[in-house]
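Input: a single structure, listed below in structure tokens.
The values are calculated or read from the model by the stated rules, or taken from the named source; none is laboratory data. Keep in mind that this is a model prediction, so the values were computed, not measured. So basically every Cβ, Gly included, is an ideal-geometry build from the backbone, and we count neighbours across all protein chains shown. What goes into the accessible areas is simple: the full protein's heavy atoms, side chains included, and nothing from ligands, DNA or RNA. Shrake-Rupley method; radii C 1.70, N 1.55, O 1.52, S 1.80 Å.
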Amino acid sequence: MENPVLIFGAKGLGLVALDIFQRNNVVVYGLLDDDATLHGSEIGEYSVLGNTDDDGFLKLIGKKCEAFVAIEERTIRRDLVEMLNERRHVMPVNAIHDTAVISALSEIGHGNLFAPRSVVNATAKVGSHSILQTGAIVEHGAEVGDFVNIGAGSVVGSNVTIENDAFIGSGVTIISGVTIGQGASVGAGSVVVESVPAGGRVFGNPAKKV
């Protein structure tokens, strides 16, 4: 990445993204966060510069720097992505940890975060603005939509489909061929052996409707 990156979010996932870019020798311009108590503070050698809608910094995006949205709350992340698309005509970059394994035979979109030791195997597809936490695995032929959260240590089996806006908790196993519908939620530690409808919530081993 030739240009420096401006990170949206200075807590939690923002710090994960900062570590990823540092490890990949990507220059970080700074961080933006709507928590005013953080403004002017330092995270290592990097500054929290201001709000996420500060035009003084937004005008740099697409010209002098790239953007990455590092906020776990899906609605806020979506709003920021739409703002960047509409006002700056840019798409956030991916943040890929140097220990993540992304097959050259897979397909990934934009604005995703791939945490340490996450894996996307051959012929798998990951859309855009999704989060794969530490050690999450997406097996061959699986398809992950946009704005999906996959928790640490979860295994998405081969030929699984996870539709947009779904949430997969930590330590989940999704058996091959299952579909997780749009906006569905799977509780931590669950083993999913049958498809979950859109908006459904399941938990347990085997996972049952909550």
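Structure data summary
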| read-out | value |
| --- | --- |
| Any hit, region 86-101, residues being within 28 Å of ALA184 (Cα to Cα), in a helix (DSSP H, G or I) and in contact with a Phe, Trp or Tyr (Cβ under 9 Å, 6 or more places away or on another chain) | no |
| Residue match in region 184-196 (condition: closer than 27 Å to VAL93 by Cα and small (Gly, Ala, Ser)) | yes |
| Tally, over region 27-47, of residues that are in a strand (DSSP E or B) and of a type outside the set (D, E, K, R) | 8 |
| Selected residue (only one of VAL90, VAL155, VAL101 is aliphatic (A, V, I, L, M) and either within 19 Å of ASN24 (Cα to Cα) or buried (at least 22 other Cβ atoms within 10 Å of the Cβ) (or both)) | VAL101 |
| Output for region 160-210, where each listed residue is modelled with pLDDT of 95 or more, open to solvent by 40 Å² or more (accessible area, probe 1.4 Å), among the aliphatic types (A, V, I, L, M) and more than 20 Å from GLY135 (Cα to Cα) | VAL193, ALA198 |
| Neighbours by Cβ (under 6 Å, 6+ apart or cross-chain): first from region 15-43, loosely packed, with under 15 Cβ neighbours inside 10 Å; second in a strand (DSSP E or B) | SER41/VAL48 |
| Positions within region 40-56 being among the hydroxyl-bearing types (Ser, Thr, Tyr) and farther than 13 Å from LEU6 by Cβ, in sequence order | SER41 |
| Answer residue from region 61-87, given it is open to solvent by 60 Å² or more (accessible area, probe 1.4 Å) and β-branched (Val, Ile, Thr) and is farthest from GLY9 (Cα to Cα) among those | THR75 |
| Residue selected from region 114-146 under the condition among the aliphatic types (A, V, I, L, M) and open to solvent by 20 Å² or more (accessible area, probe 1.4 Å), by the criterion farthest from GLU72 (Cα to Cα) | ALA122 |
| Residues of region 165-210 that turn out to be of a type outside the set (D, E, K, R) and within 13 Å of ILE150 (Cβ to Cβ), as a count | 16 |
| Cβ-Cβ under 8 Å pairs, at least 6 apart or on other chains, region 82-100 side without any contact (Cβ under 8 Å) to a residue 12 or more places away in the chain, far side assigned to a loop (DSSP other than H, G, I, E, B) | ASN85/MET91 |
| Pair list, Cβ under 6 Å, 6 or more apart: region 111-136 residue at pLDDT 95 or above, other residue assigned to a strand (DSSP E or B) and among the polar types (S, T, N, Q) | ILE131/ASN149 |
